[in-house]
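Visitor: Before anything else, here's the structure in question.
The values are calculated or read from the model by the stated rules, or taken from the named source; none is laboratory data. All of these numbers come straight from a predicted model, not from anything done at the bench. Note that we place each Cβ from the backbone using ideal geometry, even for glycine, and neighbour counts take in every protein chain shown.
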């Protein structure tokens, strides 16, 4: 049976680095944001490389579920990096599939929102993913499904300890190969990589977290309470670092 790890992320949460980390494992195949074209087609959002994305992927979310997310995998572990806001208009019952384990990657909105604002220039709720994360998390918890929550700031603070905790939560052995990778592109990256992945493509492993020090933009104050409430709900159950065994 394939282990299908679904990573539900907000933007700007080092999700691509986590995808890159997992595909260093010899037992894992990676898939990058398979619902992106659906999201762009459904919302009309004018993202960079919009036409490239729409051409590269199916815009039908059900087809993506059937032919990508639940299709036969090329390795024992399928790691799918999702942006939670791409669930706009998607019925999420597929996340209850017996082979699927959901992981939620979160970041405090005081840091995430200004970073995303720099990328997109204007933000609304449908752009940020917090509400979609919370709603899916509640659905999975109510169904008694295994979930894991990882704070991206804590992941950057102690990558090995947090990766060990995540591997334990999804019932995989930790692989030291997850700690580093060659610089450059990877075959699993989406067609949008030239626009969005410059930093991770220059990296060769996990980078130290650099806290935001600039003043919080006033135009984001309206979104902040909503994002904070959703973030805090998930953060209450986030994974704790798993130290190396002393034996």
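Visitor: Has the range 94-115 got at least one residue that is in a helix (DSSP H, G or I) and over 30 Å from residue 48 (Cβ atoms)? Spell out how you get there, then give the answer.
Guide: Quick first cut of the range 94-115, residues in a helix (DSSP H, G or I) only: 94-96, 109-115.
Checking which are over 30 Å from residue 48 (Cβ atoms) leaves us with 96.
Yes: one or more hits.
Visitor: Look through 168, 163, 234 and report the one residue that is in contact with a strand residue (DSSP E or B) (Cβ under 6 Å, 6 or more places away or on another chain) and modelled with pLDDT of 95 or more.
Guide: Details: 168 fails: in contact with a strand residue (DSSP E or B) (Cβ under 6 Å, 6 or more places away or on another chain); 163 fails: in contact with a strand residue (DSSP E or B) (Cβ under 6 Å, 6 or more places away or on another chain).
Residue meeting the stated conditions: 234.
Visitor: Scan the range 22-30 and tell me whether some residue there is farther than 30 Å from residue 160 by Cα, modelled with pLDDT of 95 or more and part of a loop (DSSP other than H, G, I, E, B).
Guide: Step one: filter the range 22-30 for residues farther than 30 Å from residue 160 by Cα, giving none.
For the range 22-30, residues farther than 30 Å from residue 160 by Cα, modelled with pLDDT of 95 or more and part of a loop (DSSP other than H, G, I, E, B): absent.
Visitor: Is it fair to say residue 209 is part of a loop (DSSP other than H, G, I, E, B), within 21 Å of residue 231 (Cβ to Cβ) and in contact (Cβ under 8 Å) with a residue 24 or more places away in the chain? Give the steps one after another, and end with the answer.
Guide: Details: part of a loop (DSSP other than H, G, I, E, B): yes; within 21 Å of residue 231 (Cβ to Cβ): yes; in contact (Cβ under 8 Å) with a residue 24 or more places away in the chain: yes.
Yes.
Visitor: Just name the residue that is surrounded by the fewest Cβ atoms within 10 Å (Cβ to Cβ) out of those in the range 212-224 that are without any contact (Cβ under 8 Å) to a residue 12 or more places away in the chain and either closer than 16 Å to residue 111 by Cβ or under 17 Å from the mean Cα position of the chain (by Cα) (or both).
Guide: In the first step, residues of the range 212-224 are kept if they are without any contact (Cβ under 8 Å) to a residue 12 or more places away in the chain; the result is 213, 215, 218, 221-222.
If we keep only those that are either closer than 16 Å to residue 111 by Cβ or under 17 Å from the mean Cα position of the chain (by Cα) (or both) as well, we get 213, 215, 221.
On the way: 213: 5, 215: 7, 221: 10.
Of everything passing the filter in the range 212-224, 213 is surrounded by the fewest Cβ atoms within 10 Å (Cβ to Cβ).
Visitor: Inspect the range 48-56 for any residue being buried (at least 16 other Cβ atoms within 10 Å of the Cβ), outside any helix (DSSP H, G or I) and within 18 Å of the chain's Cα centre (by Cα) and give the result as yes or no.
Guide: no
Visitor: Among the listed residues 71, 75, which satisfies the condition of being modelled with pLDDT of 95 or more and out of contact with any strand residue (DSSP E or B) (no Cβ under 6 Å at 6 or more places or on another chain)?
Guide: 71
Visitor: Separate question: Considering only residues that are assigned to a loop (DSSP other than H, G, I, E, B) and within 24 Å of residue 94 (Cα to Cα), which ones fall in the range 31-47?
Guide: So the first thing to find is which residues in the range 31-47 are assigned to a loop (DSSP other than H, G, I, E, B), and the list is 33-35, 44-47.
Those that are assigned to a loop (DSSP other than H, G, I, E, B) and within 24 Å of residue 94 (Cα to Cα): 33, 34, 35.
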